[in-house]
Amino acid sequence: MNTRSGLASSLALVVSAMLSPPSFAQMANDPDHPVDAPKAKTLVQVLVVNGCPIWPFTRCPGADLRHANLVGKSLRGADLNHARLARADLSGANLAGANLDGADLTAAKMQLVNAPVSTFRGATLIGADMLFAKVQRADLTGADMTAANLESLRANFTLFVDAKLTNANLQETRFESSNLTRANLEGSFQRFTLFPESDLDECKGCPSGWSDK
């Protein structure tokens, strides 16, 4: 009886071992079953800055995000109207469809920002660095971009009506099919700057006699 009981217990242990999933350590050492370690246990940590969660479609109008490190963060569809983002680092961030109307982005780092269909109406972008940024179909009506670095900016079908771009760096900036009505570009650096099919009506500092090239 004891022998049968011992055999039954041993058999149960063998079956349990066969049916139990291998441990992560076992799989990690098995060349035939490679494991992606980060996927084994994923811990999602949400960045929260002064009460504002940094994630897509967040709603943080008027939030204080000054000097925040938002490099590469996804804020697509976010409501950040009138937010304070002076000297924030948004390099490589995704701002597609975001609302930044009236926001203060003074001296913000915005290199390689992806912001198509976003709105910056009346926003302050004085001294902002937008090298290689993409703002296709964005609305920058009335925005103040004085002394901003807009080198190689891509602005297709973008609104710059009444915008202020005085003393801005517009080297290799491409305003394609954009609206610069009543915009002010006086004192801006325009080397290899293109304005194909753009509306330059009453624009100050825009090249006269521009034609599609």
ask   = If N149 satisfies every condition in (1) within 21 Å of V49 (Cα to Cα); (2) more than 16 Å from the chain's Cα centre (by Cα); (3) not hydroxyl-bearing (S, T, Y) but one, which is the exception?
value = (1)
Complete set of residues in the range 111-129 that are within 16 Å of V161 (Cβ to Cβ) and either of a type in the set (F, W, Y) or assigned to a loop (DSSP other than H, G, I, E, B) (or both) = S118, F120, R121, G122, A123, L125
remark   = Selection over the range 45-70 where residues are part of a loop (DSSP other than H, G, I, E, B) and closer than 22 Å to L140 by Cα yields a count of 10
note = Only one of A78, A25, A86 is of a type in the set (A, V, I, L, M), out of contact with any Gly (no Cβ under 6 Å at 6 or more places or on another chain) and at pLDDT below 95, namely A25
task = Only residues that are polar (S, T, N, Q) and under 14 Å from N99 (Cα atoms): list them for the range 134-162, please.
result = T141
key: Among the candidates E172, E186, residue that is assigned to a loop (DSSP other than H, G, I, E, B) and either touching a Phe, Trp or Tyr at 6+ places or on another chain (Cβ under 6 Å) or modelled with pLDDT under 95 (or both)   = E172
ask   = Of the residues R137, R87, which single one is assigned to a loop (DSSP other than H, G, I, E, B) and either over 18 Å from E176 (Cα atoms) or of a type in the set (A, V, I, L, M, F, W, C) (or both)?
value = R87
ask   = Among A103, A78, A93, A115, which is the only one that is more than 13 Å from the chain's Cα centre (by Cα), crowded, with 19+ Cβ neighbours inside 10 Å and assigned by TED's automatic domain parsing to the domain that holds P53?
value = A103
task = Could you grab the pairs with beta carbons closer than 9 Å, sequence gap of 6+ or different chains, first residue in the range 149-167 and closer than 19 Å to E197 by Cα and not assigned by TED's automatic domain parsing to the domain that holds D201, second one assigned to a strand (DSSP E or B) and modelled with pLDDT of 95 or more?
result = none
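Could you look through the range 128-150, keep only residues that are over 14 Å from L170 (Cβ atoms) and not β-branched (V, I, T), and pick out the one that is surrounded by the most Cβ atoms within 10 Å (Cβ to Cβ)? Spell out how you get there, then give the answer.
Here is the first cut: in the range 128-150, the ones over 14 Å from L170 (Cβ atoms) are 134, 136-139, 141-144.
With the extra rule that they be not β-branched (V, I, T), the set shrinks to 134, 136-139, 142-144.
On the way: K134: 20, Q136: 18, R137: 16, A138: 28, D139: 22, G142: 19, A143: 31, D144: 22.
Once the filter is applied, the top-ranked residue is A143.
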task = Read through the list (1) part of a loop (DSSP other than H, G, I, E, B); (2) in contact with a Phe, Trp or Tyr (Cβ under 9 Å, 6 or more places away or on another chain); (3) aromatic (F, W, Y), then give the number of the only condition that F192 fails.
result = (2)
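The values are calculated or read from the model by the stated rules, or taken from the named source; none is laboratory data. These numbers were taken from a predicted model, which means no experiment stands behind them. Note: ideal-geometry Cβ built from the backbone for every residue, glycine included; neighbour counts use all protein chains shown.
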